[in-house]
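Notes for the one structure printed next.
Since every read-out is calculated from the coordinates, none of them should be taken as a lab result. This structure is a prediction, so every number in the text was calculated from the model and none was measured. Don't worry about glycine lacking a Cβ; one is built from the backbone with ideal geometry, like all the others, and counts go over all protein chains shown.
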Ligand SMILES: Cc1ncc(COP(=O)(O)O)c(C=O)c1O
């Protein structure tokens, strides 16, 4: 393969994914555009027409100061049907997590792990006690609310956080379950429900508890716009809480914390909500297809996700660091290996949901790494076909037998449980 990706970027980044721009700078060759499965975004939004309009107005947008955050937040509230008194907008939800920590987490905080690094590193960095509740791989990383409540009580944590859906596994807790948790924790200083990925949920039609946050004494719901609007680089997000909490955080935020590109995008949204909802439906469809295709790879464990990413576990004896480097170097495919995430190991990969053609490139790379055969075809098609000369007859037979027993196993599996495969580690 003629492209080359600078692999030292990962090593110099503490095993976290390097910035895409840094990777592009360090990439050469004829396939200069790596396919990014690291950073989960929305590939279908903004639409090309929206990008054209943003581009046409770029100079004007960048030359001027933006409006203040209240003006931008008011427009966003009009689009999403929120009361501006209950909203604070930040430079990405990361800025809001930072201020929630500074202002509202005084001594201790509980959070299920694995989770987004911000929810452990930020409070640890400011000297808080972080009570980490271990989600169990054997239960598909599903959060058992009753067990979590017991944990919060046992540890006497003053703040409880959950991410719904959770990053990196995509596990989703139904709205009524989240409300049950809020009801049980009214005496805490604060309960945060990080809904940064909730727009991707299709398990129920109204999954968010933002309406509850607005009227409760101790609840914040957090939303990232970068992920669902598909513009991580713009840096915008918001929180919903009662007017006292939202006002306190608004007052702490720096003036002009939102830039003029964020303003331009927010003021375009109203006219494009239909396309936005369509983009979410397309992504949910891609997630189903990608999950099914990954599940057909023998030995790979795939965890059911409601986010715009899918967590997989490699077969025993395979390591994500080596695979990550191989995929980047040989296939121009970037993946997030989860060795740096508390609660997972480097046998786990978090794969952003991407359109069909990109997934074929990923599957080809995975197939050739895991099984040593060229995999430049749809994984579903990896089931034997007489015309397919690139899989030997023996391999086809093995694959057919594996596939039959997987299907038998799957018929007995509950739909919300991870799909395990023969040869995979079901621990
Ligand atoms: C659960 C969760 N919350 C918040 C964030 C921060 O997102 P943002 O880009 O809006 O700062 C992340 C980032 O991946 C995340 O996974």
Check your understanding: Can you list the residues of segment 37-78 with backbone N under 14 Å from a point 7 Å past the Cα of residue 255, pointing along Cα to Cβ?
Key -> 65-70
Review point. Taking other Cβ within 10 Å of each residue's Cβ, how do 286, 199 sort, fewest first?
Key: 286, 199
Study note, to complete from the structure: Note on segment 260-346: the mean projected area of its alpha-carbon convex hull, in nm², is 8.4
Check your understanding: log₁₀ I(q)/I(0) of segment 67-258 at q = 0.16 Å⁻¹, via Debye over equal Cα point scatterers, no solvent, to two decimals?
Key -> -0.99
**Study point:** Residues 253, 135, 96 arranged by fewest to most Cβ contacts within 10 Å
**Key:** 253, 135, 96
Check your understanding: Roughly speaking, what is the stretch gain from residue 183 to residue 60, that is 0.36 nm per residue apart minus the C-alpha to C-alpha distance, in nm to one decimal?
Key -> 39.4 nm
Check your understanding: Which residues does a label at residue 83 reach in segment 249-287, if reach means a backbone N under 17 Å from a point 7 Å past the Cα toward the Cβ?
Key -> 249-250
Exercise for review: Nearest 5 is fine: what % of DSSP beta bridges in segment 67-258 come out antiparallel, could you say?
Suggested key: 30
Check your understanding: In segment 62-148, if every C-alpha pair distance is counted and binned at 5 Å from zero, what percent goes to each bin?
Key -> 3, 12, 17, 15, 14, 14, 13, 7, 3, 2, 0
Check your understanding: Say each of residue 154 and residue 70 gets a label point 7 Å from the Cα, pointing the same way as Cα to Cβ; how far apart are those two points in nm?
Key -> 4.7
Check your understanding: How high is the FRET efficiency from residue 319 to residue 274, r the C-beta distance, R0 25 Å, rounded to 0.05?
Key -> 0.05
**Study point:** Percent of alpha-carbon pairs separated by more than 29 Å within segment 220-371
**Key:** 34
Check your understanding: Listing 256, 119, 99 from the residue with the fewest other Cβ atoms within 10 Å to the one with the most, what is the order?
Key -> 256, 99, 119
